[in-house]
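The values are calculated or read from the model by the stated rules, or taken from the named source; none is laboratory data. All of these numbers come straight from a predicted model, not from anything done at the bench. When we count neighbours, we look across all protein chains shown, and the Cβ atoms used for this are built from the backbone with ideal geometry, even at glycine.
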Amino acid sequence: MVDKKKNVLLIEDDPKVAKELQKVLNSDADFAMECVDQKAGLKRIGKGGLDVILMDLPVKDGLDAFLKVKAEARVPVLVLSGADQEKTAVEAVKHGASDYILKSDIDDRALYQSIRNAIELKKVQENLEEVQKQLDSANAKLDALANIDNLTELLNRKGLEASLQNEFSRAQRGGWQLVAMLVDCDDFDRVNQTLGHAVGDVVLKEISTRLRETLRPTDHIARLGGDEFLVLLPDTRFAEGMLVAEKVRLAVAENPLRLASETIRVTASLGVMALPYEFCSIEEMISLARLAVRESKMLGKNRVSSGEKHKSLGADREVLTELTERLRRGDCFRAVSMPIFKLDDESIVGHEILSRGPAGAFEMPDDLFRVSVEYNLLTIVDLRCLKTCLIHTVDPKFDRKARFHVNLFPSTIIDTPIERLMTLFPDNGKTASYCVEISEQQFIGDPVYLRNHVQALKDQGVKVAIDDVGFGRSSLESLIILEPDIVKIDRKYVSGISEDQVKARNLERLVRVVNALGSELVAEGIENKDELAILVDMGVVYGQGWYWGKPA
């Protein structure tokens, strides 16, 4: 195999010198030289395809001229200079030139060797950089393994110690408050004893997922071992921490975990404490938090406590009472929208209208509806959110030809006569195209109980979508029984398909199933261009996600 010639760019304003150097280099089979003047040098460098640059230093502003070339070049730069410019040439070497050659000392052998040395040195540097990157990556993985719990991929005790030290330092510098929250699963030993530790591990993974989804990215979550989790909440007041703990409690207990032959309901008792500004040890913090958890257990489990009865969640009851009153009045809701795109040309074909609650801890839908369930307000809150979203659809900014997607709980559809439901739609749904999305994750048992209600919606001209569809018998069963117009694939089965071939293959199978059922398919959770391209190749027609922006 013949080695490729090394492309040398000579930047030289003196035609006589350029000609001599070209004659020397072109006589060697290893090199191909191209010559330009100083004015054209930067433009040629920008085109690429070079292995080394020979640059004659201008008499005036020689160092500045070199620095401009060096800033653009991605290859070694050798400096040529006269004896009267040697000082400038030395400065150029200090600023990144591979070497300098005095014109009076140039001979064929010296020039060849200098160029070869510069190219070889560049290769060595690149190899060293690559090795360093690999070493840094390996060290980062080792550090992660040392600080991460293998089962849940949360922090372990060592990782928590490092996070606690960092957050204490930040809190002291910024005058922030730091709150700790201990989450202890109720009666978890019963799960291990009756179903086995393998099932217990599955449940712990699911609980860790719910914790991640409920808390902020800046919060630190650790598994202490067994069924205990400890959370650090930076820049958080104690009252806020109590409300966050209530959100976590509701998230853990929200939906039973459906396994192959068992349905498991897990609850948790939580203890919350504000940490002092002086540093305390992990053991001290855990011991204090366990006192709070013990109080929650004594008060009946599945609750939040601070370890002092007068500071338990009852002390924040006024906050929750005010929230529930606002939910009943219905004066605290707003709507945002997220476009739905035709993937092949990225044109907007519809909008999903999403509800938001009052600003604060319960603004996002998951948290809002959990507290609604807790206080038996789900149907009334769901209907008021629907009304808010439907009013939003008449905004002039929307193309009236687009389809509007709104969300409803299965329980709301069952509890509310379809005729009454249709009165909430502008002009009873006649002036625009609407789609009601029902989350597959909210089905309870056999979905056949929804079939007549779904058909009644279709009879009114409203399309029906099954949202959050994933894999498993329950998903296929609901699709067959309810015969939805539209199927929306849950974001967790879409996100990451460009990096995970197994996930991509599984998704492709699901796409074939949905296509066989004759439903329109919408992929949720598209986050980058690579995922978009894969979905188009799979034949998915529609999609939405943060690749195009967040709901607004």
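General remarks:
- Scan of region 499-518 for residues that are of a type in the set (Val, Ile, Thr) and farther than 14 Å from Val540 by Cα, ordered by number: Val502
- Residue, surrounded by the most Cβ atoms within 10 Å (Cβ to Cβ), within region 245-273, restricted to residues that are farther than 17 Å from Thr209 by Cβ and under 25 Å from the mean Cα position of the chain (by Cα): Ala245
- Residue that is on the phi < 0 side of the Ramachandran plot, among the basic types (Lys, Arg) and buried (at least 17 other Cβ atoms within 10 Å of the Cβ), where the choices are Arg400, Arg370: Arg370
- Test for Ile497: is it under 20 Å from Asp345 (Cβ atoms), within 19 Å of the chain's Cα centre (by Cα) and among the β-branched types (Val, Ile, Thr): no
- Counting only helices (runs of 4 or more DSSP H) that sit wholly inside region 54-147, those with at least 3 residues that are surrounded by 10 or more Cβ atoms within 10 Å (Cβ to Cβ) and in contact (Cβ under 8 Å) with a residue 60 or more places away in the chain are 108-147.
- Answer residue from region 20-45, given it is farther than 23 Å from Glu91 by Cβ, in a helix (DSSP H, G or I) and at pLDDT 85 or above and is farthest from the chain's Cα centre (by Cα) among those: Ala40
- In the set (1) out of contact with any Phe, Trp or Tyr (no Cβ under 7 Å at 6 or more places or on another chain); (2) outside any helix (DSSP H, G or I); (3) closer than 21 Å to Glu283 by Cβ, the condition left unmet by Thr218 is number (3).
- Residue within region 470-482 that is assigned to a loop (DSSP other than H, G, I, E, B), among the small types (Gly, Ala, Ser) and at pLDDT 90 or above present: no
Let's see how each residue does on (1) part of a helix (DSSP H, G or I); (2) within 29 Å of the chain's Cα centre (by Cα); (3) not aromatic (Phe, Trp, Tyr):
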{"position": "Glu161", "(1), (2), (3)": "yes, yes, yes"}
{"position": "Phe168", "(1), (2), (3)": "yes, yes, no"}
{"position": "Trp176", "(1), (2), (3)": "no, yes, no"}
{"position": "Val191", "(1), (2), (3)": "yes, no, yes"}
{"position": "Thr194", "(1), (2), (3)": "yes, no, yes"}
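- From the options Glu325, Glu346, residue that is farther than 19 Å from Leu243 by Cβ and either at pLDDT 80 or above or not aliphatic (A, V, I, L, M) (or both): Glu346
- Odd one out for Phe362, checked against (1) more than 22 Å from Gly225 (Cβ to Cβ); (2) within 30 Å of the chain's Cα centre (by Cα); (3) modelled with pLDDT of 85 or more; (4) of a type outside the set (A, V, I, L, M): (3)
- Matching residues, region 415-457, being more than 18 Å from Lys387 (Cβ to Cβ), loosely packed, with under 15 Cβ neighbours inside 10 Å and more than 35 Å from the chain's Cα centre (by Cα): Val448, Tyr449, Arg451, Asn452, Gln455
- Count of region 184-227 residues which are farther than 17 Å from Thr263 by Cβ and touching a residue at least 60 places away in the same chain (Cβ under 8 Å): 9
- Comparison of Asp537, Asp490 shows that the only residue that is under 31 Å from the mean Cα position of the chain (by Cα) and at pLDDT 90 or above is Asp537.
- Selection within region 496-524 - part of a loop (DSSP other than H, G, I, E, B), more than 23 Å from Glu483 (Cα to Cα) and not polar (S, T, N, Q): Gly496, Ile497, Glu499, Asp500
- Among residues of region 411-426, those that are farther than 19 Å from Gly350 by Cα and either in contact with a helix residue (DSSP H, G or I) (Cβ under 6 Å, 6 or more places away or on another chain) or in a helix (DSSP H, G or I) (or both), counted: 11
- Pick from region 201-240, criterion at pLDDT 90 or above and small (Gly, Ala, Ser), ranking: surrounded by the most Cβ atoms within 10 Å (Cβ to Cβ): Ala222
- Here Glu527 meets the list (1) exposed (fewer than 15 other Cβ atoms within 10 Å of the Cβ); (2) part of a loop (DSSP other than H, G, I, E, B); (3) among the acidic types (Asp, Glu) almost entirely, failing just condition (1).
- Considering residues of region 165-199 that are farther than 25 Å from Lys247 by Cβ and of a type in the set (Val, Ile, Thr) only, the residue modelled with the highest pLDDT: Val199
- Residue among Leu517, Leu507 that alone is within 13 Å of Arg491 (Cα to Cα), assigned by TED's automatic domain parsing to the domain that holds Lys492, modelled with pLDDT under 95 and of a type outside the set (Lys, Arg): Leu507
- Whenever a residue of region 289-305 is in the same structural domain as Ala253 (by TED's automatic domain parsing), its partners that are assigned to a helix (DSSP H, G or I), lying with C-beta atoms within less than 6 angstrom and at least six residues away or across chains, give the pairs Arg303/Ser296; Val304/Ala245; Val304/Glu246; Val304/Arg249; Val304/Leu313; Ser305/Ala292; Ser305/Glu295; Ser305/Ser296.
- Residue list for region 109-150, filter: charged (D, E, K, R) and either farther than 30 Å from Ala222 by Cβ or out of contact with any Lys or Arg (no Cβ under 8 Å at 6 or more places or on another chain) (or both): Arg109, Arg116, Glu120, Lys122, Lys123, Glu126, Glu129, Glu130, Lys133, Asp136, Lys141, Asp143
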